[in-house]
Amino acid sequence: MENLSGKVALVTGASRGIGRAIALALAKVGADVGINFLNCAEDAETAAEEVRGYGCRGGIFQADVSIASGVQRLIRGVEEQFGGIDVLVNNAGIASPRRIEEITEDDWDRTIAVNLKSCFLATQAALPGMRARRWGRIVNLSSVAAQTGGVIGPHYAASKAGLIGLTRSYAQRLAREGVTVNAIAPALIETEMVTSNPNARPDLIPMGRFGLPIEVAQAAVMLTLNGYITGQTINVNGGWYMN
């Protein structure tokens with residue numbers, strides 16, 4: 001495909017950071033974009049205005065994607081406003097840096113719910129339409145932490161490693177149905193989540209700098225335009241982890 005004209009994309013956690021960059025990059029190649037947010041309504045509306053500036057439809061949808069009722073309302077809202085969802089980008093996530101001895105059961109449960117369970121819920125809800133149309137693209141935002149342990153903690157690394165397994169399993173089962181499922185594993189991208197973490201330093205990266213949100217977004221666009229890549233994890237990490 002040369003562009004996503006006529007396609008509808010939903011990006012979770014898209015009011016700022018990587019999600020916002022992906023939403024705008026998808027609009028640049030012609031997709032109408034639903035921008036999911038939890039708390040930052042003003043940021044989400046600004047992002048939607050930028051989407052509309054590219055001549056595409058842009059809308060904001062508030063939902064907590066870590067709970068089933070929130071996801072069901074989100075998917076229903078996007079489908080009612082824009083039609084079926086063709087591209088799903090599971091980007092919503094949290095990062096709570098903890099030392100091993102500090103991690104609580106609540107830390108674990110919340111991180112798994114927001115980073116991993118949300119992906120499962122949104123994918124399950126969006127898949128029926130994709131399978132009926134025999135066309136779909138699902139992109140899950142994992143992390144270099146899944147491969148190296150990262151700088152946040154085992155709870156975060158486990159949630160992001162789970163996303164890679166989830167990606168592969170869906171990809172295997174959907175390969176003959178026109179639906180591709182891939183993951184992106186960024187490392188230390190210059191967002192508020194990273195710059196507020198004192199353990200995140202540019203010198204950890206072989207390239208010596210934080211990545212840019214647009215550099216992750218470019219990988220997401222590539223995966224939505226390509227129909228022969230599935231079950232893969234694309235590393236956007238400045239050389240921190242190589243495979």
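The values are calculated or read from the model by the stated rules, or taken from the named source; none is laboratory data. Small disclaimer: the values here were computed from a predicted structure and weren't measured. When we count neighbours, we look across all protein chains shown, and the Cβ atoms used for this are built from the backbone with ideal geometry, even at glycine.
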query = crowded, with 24+ Cβ neighbours inside 10 Å, among the hydrophobic types (A, V, I, L, M, F, W, C), free of Cβ contacts under 8 Å to residues at least 60 places away in the same chain and not in a helix (DSSP H, G or I), is that true of V139?
reply = no
ask   = Does I60 satisfy the criteria of being in contact with a helix residue (DSSP H, G or I) (Cβ under 6 Å, 6 or more places away or on another chain), more than 18 Å from L225 (Cα to Cα), assigned to a helix (DSSP H, G or I) and of a type in the set (A, V, I, L, M, F, W, C)?
value = no
query = Any chance the range 185-198 includes a residue that's closer than 18 Å to T230 by Cα, in contact with a Ser or Thr (Cβ under 8 Å, 6 or more places away or on another chain) and not in a helix (DSSP H, G or I)?
reply = yes
request  = Can you give me the number of residues within the range 219-233 that are part of a helix (DSSP H, G or I) and either free of Cβ contacts under 8 Å to residues at least 40 places away in the same chain or of a type in the set (S, T, Y) (or both)?
outcome  = 3
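Table: residues versus (1) within 17 Å of I214 (Cβ to Cβ); (2) not aliphatic (A, V, I, L, M); (3) not in a helix (DSSP H, G or I).
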| position | (1), (2), (3) |
| --- | --- |
| A14 | yes, no, yes |
| I22 | yes, no, no |
| G34 | no, yes, yes |
| G84 | no, yes, yes |
| A92 | no, no, yes |
When residues of the range 234-243 are limited to those that are of a type outside the set (A, V, I, L, M, F, W, C) and in a loop (DSSP other than H, G, I, E, B), the one nearest to L174 (Cα to Cα) = N243
request  = Examine the range 164-178 for a residue that is within 21 Å of T104 (Cβ to Cβ), modelled with pLDDT of 95 or more and crowded, with 24+ Cβ neighbours inside 10 Å, and state whether such a residue exists.
outcome  = no
inquiry  = If a residue must be touching a Cys at 6+ places or on another chain (Cβ under 9 Å) and at pLDDT below 95, how many such residues does the range 136-163 contain?
reply    = 0
note = Filtering the range 204-218 down to residues that are in a helix (DSSP H, G or I) and modelled with pLDDT of 95 or more yields P213, I214, E215, V216, A217, Q218
message = Please go through the range 144-161 and give me each residue that is part of a helix (DSSP H, G or I) and under 18 Å from A92 (Cα atoms), ordered by number.
response = A145, A146, H155, Y156, A157, A158, S159, K160, A161
